[in-house]
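*Asks:* The structure's right below; bear with me while I get my questions together.
The values are calculated or read from the model by the stated rules, or taken from the named source; none is laboratory data. Quick caveat: nothing in here was measured; it's all calculated off a predicted structure. As a convention, Cβ positions derive from the backbone with ideal geometry for all residues, glycine included, and neighbour counts pool all protein chains shown.
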Amino acid sequence: MNKKEIVLQIFTGGYLKKEASYEEIENKLNAILEKVDVCKLIIGWTADQELYRKVIRMLHSHQIEVFFWMPIFSETGFSKTTSLLKDFQGMNVENYQLKEGENFEFYCPNVKTNRDNVKKIYEEHFSNLGFDGVFLDKIRYASFSNRLTGVFSCFCPECIKRYHDKRVDINRLRREMESLIHGKQGYDMNPFQCTSYCDGEYTFKDSVWEHFFQVKADFIYDALKDITDYFRAQGLKIGMDTFAPFMAYFVGQDLNRISELADFIKPMMYRMTQAPAGLPFEYNSFLVETTKEPIEDVRQAFNRILKIEADDTNLFDIDFVKRELEFMNHLKKPIYCGVEVNKIEEAASADPEYIKETIEALSQIDVKGYVLSWNILSAPKENLEAVYRCL
């Protein structure tokens, strides 16, 4: 098995509030670089130009690439006028408030203004700083953590026009959405009346769902093509943050297609995170939002569809994660698996035992490496020491 490469990730704060100083970052990086070879740093996204200049200067002296971490279809509303996702009833999709400055408020990828906002923010604050690339986060629609109606989006005028172009039967789709919400027509027992899952793709009793989710994936791809073309023109490399395949399907991420636009992919295989993108959190939200039956009965039935055997609601099945990564290896782009190393109370309380179990199990999969996620500034020394021992 090839030696795994290491990518670091640092959260400096959202657009509203800076949460890290250069001195703090420098001390953390120096301690890590003494122990392990690092190939890339992902850092963002507070707007402090001098902070990034210093970090880039430091890491370039070690021949380490630096990628600016940037939310795409979320968070830009703090500084720009945006068009929110509309659910199938024409209402704004709810956000999910994780912390101040990060609210998981999603914007329609089909609205040109939303895409242009990303380019303007980069030009106004982050261009000409010397970044080697950009790391695109939140390149998706709302997930089940934004409630079921967040997934039943977008139905703004631009999207409805494009649904017609794609021959989506909107009236039929809305009827099925109503039935699912109210647990009618068999939707009370099986999420979306799903019949199978394999390698990031589902089939359903009613093909209207497959058409709907494929069209959403088309829209995300088209929007990302516009955005990545812009960044490529700036001479930048591109990394992408994605959901695990089994949840990526529901948020418009066709991993086969969007990987064509990237230099590397980071699937967020967060086995213990109880926050957006965390596998137990997103899976539980999916089950709760889509059925009316007792949640444990639904979970057991859907586990059989996914072929999940280790049923722990707080720690996701490692064998399932390995199968998901094996599928992603066929994307023909470097895969850096995101693993939590930060310790954040009530969200991701990673400890050395968890890190050891996860990295040792994933070492059997031929991924390019790991992203120590999602903020090494919040990773205690004992967690990082666990990483070093595994490597």
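*Asks:* Quick one: count up the residues across the range 325-342 that are buried (at least 19 other Cβ atoms within 10 Å of the Cβ) and either assigned to a strand (DSSP E or B) or on the phi > 0 side of the Ramachandran plot (or both).
*Replies:* Residues in the range 325-342 being buried (at least 19 other Cβ atoms within 10 Å of the Cβ) and either assigned to a strand (DSSP E or B) or on the phi > 0 side of the Ramachandran plot (or both): 6 in total.
*Asks:* Still on this model: Identify the residue in the range 4-22 that is part of a loop (DSSP other than H, G, I, E, B), of a type in the set (Ser, Thr, Tyr) and free of Cβ contacts under 8 Å to residues at least 40 places away in the same chain and, among all such residues, is surrounded by the fewest Cβ atoms within 10 Å (Cβ to Cβ).
*Replies:* Here the residue is Ser21.
Yes/no per residue for (1) without any contact (Cβ under 8 Å) to a residue 40 or more places away in the chain; (2) not basic (Lys, Arg):
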{"site": "Lys120", "(1), (2)": "no, no"}
{"site": "Ile139", "(1), (2)": "no, yes"}
{"site": "Phe144", "(1), (2)": "no, yes"}
{"site": "Phe152", "(1), (2)": "no, yes"}
{"site": "Lys161", "(1), (2)": "yes, no"}
{"site": "Val168", "(1), (2)": "no, yes"}
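*Asks:* Checking Pro245 against (1) under 21 Å from Gly338 (Cβ atoms); (2) surrounded by fewer than 18 Cβ atoms within 10 Å (Cβ to Cβ): exactly one of these is not met. Which one?
*Replies:* Looking at each condition in turn, Pro245 falls short on (2).
*Asks:* Can you pull out every residue in the range 267-320 that is small (Gly, Ala, Ser) and either under 23 Å from Gln253 (Cα atoms) or surrounded by 18 or more Cβ atoms within 10 Å (Cβ to Cβ) (or both)?
*Replies:* Ala275, Ala277, Gly278, Ser285, listed by residue number.
Residues are listed down the side, and each one gets a yes or a no for (1) more than 20 Å from the chain's Cα centre (by Cα); (2) closer than 20 Å to Gln234 by Cβ; (3) part of a loop (DSSP other than H, G, I, E, B); (4) at pLDDT below 90:
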site: Tyr52; (1), (2), (3), (4): yes, yes, no, no
site: Arg57; (1), (2), (3), (4): yes, yes, no, no
site: Gln63; (1), (2), (3), (4): yes, no, yes, no
site: Lys80; (1), (2), (3), (4): yes, yes, yes, yes
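*Asks:* Looking at the range 363-391, I want the residues that are in contact (Cβ under 8 Å) with a residue 40 or more places away in the chain and among the charged types (D, E, K, R) and have a partner that is in a loop (DSSP other than H, G, I, E, B) and surrounded by fewer than 24 Cβ atoms within 10 Å (Cβ to Cβ) with Cβ atoms under 6 Å, at least 6 apart or on another chain. Which pairs are those?
*Replies:* Pairs that qualify, where the first residue is in contact (Cβ under 8 Å) with a residue 40 or more places away in the chain and among the charged types (D, E, K, R) and the partner is in a loop (DSSP other than H, G, I, E, B) and surrounded by fewer than 24 Cβ atoms within 10 Å (Cβ to Cβ), are Lys368/Pro334.
*Asks:* Give the residue that is surrounded by the most Cβ atoms within 10 Å (Cβ to Cβ), with candidates limited to residues of the range 122-179 that are small (Gly, Ala, Ser) and assigned to a helix (DSSP H, G or I). It would help to see each step written out before you state the result.
*Replies:* Our first condition is that a residue be small (Gly, Ala, Ser); within the range 122-179, this holds for 127, 130, 133, 142-143, 145, 150, 153, 179.
Narrowing the set further to residues that are assigned to a helix (DSSP H, G or I) leaves 145, 150, 179.
Numbers: Ser145: 22, Gly150: 25, Ser179: 16.
Checking each candidate, the answer is Gly150.
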